[in-house]
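Structure, as structure tokens:
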Amino acid sequence: IRLQQDLSNAMEVIVSQTDQIQLMDTEAASMNALLQAAREKEKALTTSLQESVRQVGMCQEHMSDVVSRHQHDLQRLQDNLLGEKERADLLNSLRQKSKEALREKDAILVSALQDLNSVF
């Protein structure tokens, strides 16, 4: 009877440990599923991040191109403005010389008229 009791106790321990092993196996399977889901999510996030980095790179290239074009346009406008300023300065100088020449002509005419008046 004692042997039978020991055998019965051992069977209960084995059944209990088997149940615990099955429970641990179920938990391990659940954890593996969670780990797999986490890996898939990590992979998706990595892919998304790589795409975002690629798009940022493209935006930076585009912005660099736009800035470069604007700098070239600005330089061209500054050069044109400088040319226009030089032309305006030249025209003002010519106007001033023209006024001076008209004054000299008027002075010569006045002097000639005075000379004519003194002769007659």
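Only the coordinates and a few stated rules stand behind these numbers; no lab work does. Predicted model only: the values in this text are computed from it and were never measured. All Cβ positions, even for glycine, are placed from backbone atoms using ideal geometry, and neighbour counts span all protein chains on display.
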* Over every pair of different alpha-carbon atoms in the chain, take the mean of 1/r and invert it; report that Kirkwood radius in Å. => 25.5
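In the neighborhood of residue 111, defined by Cβ-to-Cβ distances under 14 Å, what is the net charge if each Lys or Arg adds +1 and each Asp or Glu adds -1? Could you put the intermediate results ahead of the total?
Values: positive: 103, 105; negative: 104, 106, 115.
Once all neighbours under 14 Å are counted, the net charge is -1.
Report the FRET efficiency, 1/(1 + (r/R0)^6), for residue 29 and residue 53, where r is their Cβ-Cβ distance and R0 is 25 Å, rounded to 0.05. List each step's numbers first, then the result.
Numbers: r = 36 Å, r/R0 = 1.44.
That pair, residue 29 with residue 53, gives E of 0.10.
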* To do: Order by neighbour count: 3, 81, fewest other Cβ atoms within 10 Å first, most last.
  => 3, 81
* Asked: Taking the Cα atoms only, what angle lies between the long axis of helix 2-119 and the longest principal axis of the chain, rounded to 10 degrees?
  -> 0
